[in-house]
Amino acid sequence: MKTKTAVTFKPYERTEYAYEKLRVCRKCGHYTVLSHDVCPVCGKHALIDVATAARREARKKMQSELLFAVLLTLLAMFFADTVLWMGISAAVGAALTAMLWFAQRRSLEAQLRIRTDRMFARDRDRIRHGLIQDIRAAEARLQSEPARAYEMLREVGTLLRNDPIRGLQAELLQTFVLRRDMDLLLEPLIMDGFSPHLAGYIGEVAKLNRELIKESAIRYCLRYEPQIRNMNRGEDILAAVAGAAVRMKRYIELYPEFIRRYVHKLPEERLERLRDLLSQHAGSFPQLKLEADEVYRMRHRERHSHGRMLPPRDDRGES
Ligand SMILES: [Zn+2]
């Protein structure tokens, strides 16, 4: 096994929408998620976020509409026969232009959404190309600055969700010494296919911060349970996930059989937690309850035979 390196990486900046990570260059139109101001292609300080770019486009379109209305008014005045008609044309033109202006103000938000959607549709290939360039930039640092490469891939992964990018991140994470205080992400890394790196990472996360183990991670372990079992210390991974799952009644309801298979490997405190939850729902999950009680009894007996003092709560369930 390769030795793991101690690294630090920046906390992940969360945004409401994934596309908020994307920047576009005002000069050359290049898209990137890796830089905030300097364009990686033309080197100019010309990057703006997509919302700003959409706003600029919407404003430009509104200005040209207003200009067109003013032009029509001037034309009407030019072709007016009398001063009276000239006056009427000017008044009507000014009123209509003002109405247009008000209508534009009122529909600005809706316009921005439409513009943003259109930008994504129109620039789809350019965005893809930009993200691929970002991945290349990350790959170039895999050896020299793995932590930075991981950070870069994490950013790209926000927008480009596919197994190769997730797999590369999981592989990198498996070469780092992970700590509880790190901002670890799990959900975005859950792949469609099996990856021993991801399975190993899930196992580590389950031990470091069990709050991160959610339905998608449990389902992943369930789906690839035979493959994970075949891994070195694979059972430990599955037991750690089962141990994390017993923190929520909902997961026990959804995956009682999965948890049952690893009850015998749960640490004492997780077993306690499971038995507590089960005792609150007497009559439900009979198989799981049977297994949990059996494992508890066996451990209890073993401890007795080793002559150790038992905490008072261990008397429960003995009869
Ligand atoms: Zn540029």
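Tell me which residues, restricted to the stretch 32-88, are within 18 Å of ARG113 (Cα to Cα) and either acidic (Asp, Glu) or outside the structural domain of ARG106 (by TED's automatic domain parsing) (or both).
Result: ASP49, GLU57.
Report, by residue number, each residue of the stretch 46-71 that is over 30 Å from VAL33 (Cβ atoms) and either in contact with a Pro (Cβ under 7 Å, 6 or more places away or on another chain) or in contact (Cβ under 8 Å) with a residue 24 or more places away in the chain (or both).
Once the filter is applied, which keeps residues that are over 30 Å from VAL33 (Cβ atoms) and either in contact with a Pro (Cβ under 7 Å, 6 or more places away or on another chain) or in contact (Cβ under 8 Å) with a residue 24 or more places away in the chain (or both), the stretch 46-71 yields GLU65, LEU66, ALA69, VAL70.
From the list LYS60, LYS27, pick out the single residue that is among the charged types (D, E, K, R) and within 16 Å of the ligand (Cβ to nearest atom).
The match here is LYS27.
Under 7 Å between Cβ atoms, which residue pairs at least 6 apart in sequence (or on different chains) link something in the stretch 200-228 that is closer than 11 Å to ALA245 by Cα with a partner that is of a type in the set (D, E, K, R)?
Pairs found: ARG210/ARG247; LYS214/GLU187.
Please work out which one of (1) of a type in the set (Gly, Ala, Ser); (2) under 30 Å from ILE135 (Cβ atoms); (3) in a helix (DSSP H, G or I) is the condition ALA69 fails and give its number.
(2) is the only condition that ALA69 fails.
Against the conditions (1) near the ligand (Cβ under 8 Å from one of its atoms); (2) touching a residue at least 24 places away in the same chain (Cβ under 8 Å), where does TYR19 fall short? Just the number, please.
(1)
I'd like the full set of residues that are surrounded by fewer than 18 Cβ atoms within 10 Å (Cβ to Cβ) and either closer than 17 Å to PHE120 by Cβ or more than 15 Å from the ligand (Cβ to nearest atom) (or both), limited to the stretch 30-57.
Those that are surrounded by fewer than 18 Cβ atoms within 10 Å (Cβ to Cβ) and either closer than 17 Å to PHE120 by Cβ or more than 15 Å from the ligand (Cβ to nearest atom) (or both): ILE48, ASP49, ALA51, THR52, ARG55, ARG56, GLU57.
Within the group ARG126, ARG115, which residue is part of a helix (DSSP H, G or I) and either farther than 19 Å from ILE48 by Cβ or touching a helix residue (DSSP H, G or I) at 6+ places or on another chain (Cβ under 8 Å) (or both)?
ARG115
Just the residues that are surrounded by 13 or more Cβ atoms within 10 Å (Cβ to Cβ) and among the hydroxyl-bearing types (Ser, Thr, Tyr), please, taken from the stretch 58-109.
Passing the criteria: THR73, SER89, THR97, SER107.
Suppose we filter LEU153, LEU185, LEU160 for residues that are surrounded by 21 or more Cβ atoms within 10 Å (Cβ to Cβ) and farther than 28 Å from LYS61 by Cα; which single one remains?
Details: LEU185 fails: surrounded by 21 or more Cβ atoms within 10 Å (Cβ to Cβ); LEU160 fails: surrounded by 21 or more Cβ atoms within 10 Å (Cβ to Cβ).
The unique qualifying residue is LEU153.
Go through (1) among the basic types (Lys, Arg); (2) in a helix (DSSP H, G or I); (3) not assigned by TED's automatic domain parsing to the domain that holds PHE258 and name the single condition ARG180 misses.
Unmet condition: (2).
The values are calculated or read from the model by the stated rules, or taken from the named source; none is laboratory data. Predicted, not measured: the structure shown is a model, and the values here were computed from it. Positions of Cβ are backbone-derived with ideal geometry, glycine not excepted, and every protein chain shown enters the neighbour counts.
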